[in-house]
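Below is a structure I'd like to ask you about.
Here, each number is a calculation from the coordinates, and none is a lab measurement. Quick caveat, the model's predicted, so the values are computed rather than measured. Cβ: placed from backbone, ideal geometry, glycine included. Neighbour counts: every protein chain shown.
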C-alpha cells in the first residue's frame with residue numbers, strides 16, 4: 001500500500017471513529033436526558049456527515065480519493081477504512097438505527 005492510500009485510509013478511519021463517538025454521545029445524552037455542548041457538537045457532526053454523504057451520491061468523498069490512490073478492493077462501499085469487509089458493510093444500517101434510537105430518547109417524553 002502506498003503512502004497516499006495509507007493516509008486516506010488512516011484519516012477515514014479516524015473520521016469513522018469520531019462519528020461513532022458522536023453516535024455514542026447522542027445515545028448517552030438520550031438515556032440520561034443530558035443536553036449541552038457535547039450533544040450539540042455530536043448532532044452537528046452527524047448532520048454534516050449526512051449532508052456530505054447524501055450530497056456525494058451516498059458515497060463518502062474519501063472513498064473516491066482512496067480509489068484514485070490505488071485502492072484495488074473493488075468494493076466501493078466504505079472500502080477505504082481499516083475494518084473487515086463484513087463490518088464495513090454494516091456501518092450504515094447499524095449507525096442509522098443507533099441514531100434513530102438516540103434521537104427518539106432525546107425527544108420522546110418520559
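Hey, for a label at residue 41 modelled as a point 7 Å past Cα toward Cβ, could you say which residues of the range 8-24 have their backbone N under 16 Å away?
It comes to 15-24, nothing else.
Tell me what the chain gives for mean residue ellipticity at 222 nm when only DSSP H runs of n ≥ 4 count, each as -39,500 (n - 2.57), the sum divided by the residue total, rounded to 500 deg cm²/dmol.
Mean residue ellipticity, 222 nm, calculated: -23500 deg cm²/dmol.
Specify which labelled value, from (1) 10.2; (2) 6.3; (3) 7.2, agrees with mean projected area of the Cα convex hull in nm² derived from the coordinates of the model shown.
(3)
Shape call for the range 1-46 from the C-alpha gyration tensor, a ≥ b ≥ c root eigenvalues: rounded (a/c under 1.5), prolate (a/b greater than b/c) or oblate?
prolate
Follow-up question, since we're still on this one. By how many degrees, between 0 and 90 and to the nearest 10, does the Cα long axis of helix 3-32 differ from the longest principal axis of the chain?
Roughly 10 degrees between the two axes.
Ok, one more. Could you give the length gained by full extension between residue 98 and residue 28, i.e. 0.36 nm per residue of separation minus their alpha carbon distance, to one decimal place?
The span from residue 98 to residue 28 would gain 24.1 nm if fully extended.
Between residue 52 and residue 3, how high is the FRET efficiency from 1/(1 + (r/R0)^6) when r is the Cβ-Cβ distance and R₀ = 25 Å? Nearest 0.05.
Once rounded, the FRET efficiency stands at 0.50.
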